[in-house]
Amino acid sequence: MNISSIRKDYIKDQLTEHMAGLDPLAVFGNWLDDAVKSGICEPTAMVLSTISPEGYPSSRVVLLKGLDKGRLLFYTNYTSNKGRHLSGNPRASLLFFWGELERQVRFEGDVTKLPDSDSDEYFISRPYESRIGAMVSRQSTVINGRDELDRNFSELFDKFKANQEDMRRPAYWGGYAFDPKSVEFWQGRANRLHDRLRYRKTGDSWIRERLSP
Ligand SMILES: Cc1cc2nc3c(=O)[nH]c(=O)nc-3n(C[C@H](O)[C@H](O)[C@H](O)COP(=O)(O)O)c2cc1C
């Protein structure tokens with residue numbers, strides 16, 4: 001297959017300064033709504049990139065689970081690779097690509113752990129099976145095989161089934177809040193002349209700039 005001949009023209013929408021306004025989180029909220037309403041697969045999926053102790057960028061998908069005072073919230077295992085990266089270097093980027101809408105959003109910013117009480121609250125809200133899954137997985141460690149996971153899952157599933165209120169969030173699992181310092185919106189346009197608006201935070205306000213595509 002000749003992938004160099006795959007081409008698509010972007011014609012669905014535009015992003016003007018007037019449409020965008022001065023608050024990037026408002027634009028993001030609108031675009032997220034559009035993505036959810038459009039029925040695309042995993043509209044809240046975002047690529048989180050962290051930096052390893054050796055200085056290599058490392059990317060993976062996580063799910064956006066909330067917006068709070070302009071911060072983006074996600075949940076994971078604190079002892080995973082990403083958790084280790086963030087404890088050494090609490091800076092990250094987040095990227096959303098909504099292909100069907102011909103849109104991309106890029107964030108750069110600082111990451112902090114959520115308070116335990118917030119992580120507890122979210123943990124309790126998850127389906128029983130997902131909570132067991134979080135308890136079973138020592139995320140990003142090498143394991144002997146699939147059997148080990150399935151066995152441990154069944155054991156804990158049976159153990160807590162009758163008394164789910166005894167379940168506690170494992171201390172190694174919880175949330176992070178990502179505080180954006182820069183946000184860029186990309187809307188595909190015809191002839192590769194896409195719209196790019198970038199917002200940079202200075203103090204409490206945002207500076208908006210148009211970037212060449
Ligand atoms: C659609 C999708 C959603 C995911 N959501 C999460 C998530 O919310 N939290 C998480 O820890 N991992 C999530 N993952 C798994 C991560 O991509 C990754 O495999 C895992 O977190 C381990 O990453 P690490 O070894 O870099 O820490 C998701 C993967 C996909 C494809």
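The values are calculated or read from the model by the stated rules, or taken from the named source; none is laboratory data. Bear in mind that the values here come from a model prediction, so they are computed numbers and not experimental data. Positions of Cβ are generated from backbone atoms using ideal geometry, with glycine treated the same way; all protein chains shown enter the neighbour counts. We work out accessible area using only protein heavy atoms, side chains counted, and drop any ligands, DNA or RNA first. Shrake-Rupley method; radii C 1.70, N 1.55, O 1.52, S 1.80 Å.
Values for this structure:
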read-out: Cα gyration tensor shape of the chain, rounded if a/c is under 1.5, else prolate or oblate by comparing a/b with b/c; value: prolate
read-out: Whole-percent carbon and sulfur share, accessible surface of the chain, 1.4 Å; value: 50 percent
read-out: Relative contact order for region 99-189, counting Cα pairs under 8 Å that sit 6 or more residues apart, in percent; value: 63 percent
read-out: Exposure rank, largest accessible area first [18, 194; 1.4 Å]; value: 18, 194
read-out: Estimated dipole of the chain in Debye, rounded to 20 [Cβ of Lys and Arg +1, of Asp and Glu -1, Cα centre]; value: 600 debye
read-out: Inter-part distance where region 77-150 and region 182-213 are each reduced to a Cα centre, Å; value: 28 Å
read-out: 135, 46, 19, reordered so the largest accessible area comes first (probe 1.4 Å); value: 19, 135, 46
read-out: Difference of contour (0.36 nm per residue) and Cα-Cα distance, residue 171 to residue 126; value: 14.6 nm
read-out: Axial C-alpha extent at least 18 Å, average Kyte-Doolittle at least -0.5 - helices from the chain (DSSP); value: 24-37
read-out: Rounded accessible area per residue of the chain, 1.4 Å, Å²; value: 59 Å²
read-out: Structure-based [θ]222 nm, the chain - -39500 (n - 2.57) summed over DSSP H runs of at least 4, per residue, nearest 500; value: -8500 deg cm²/dmol
read-out: Exposure ranking of 102, 209, 54 by accessible area [1.4 Å probe, largest first]; value: 54, 209, 102
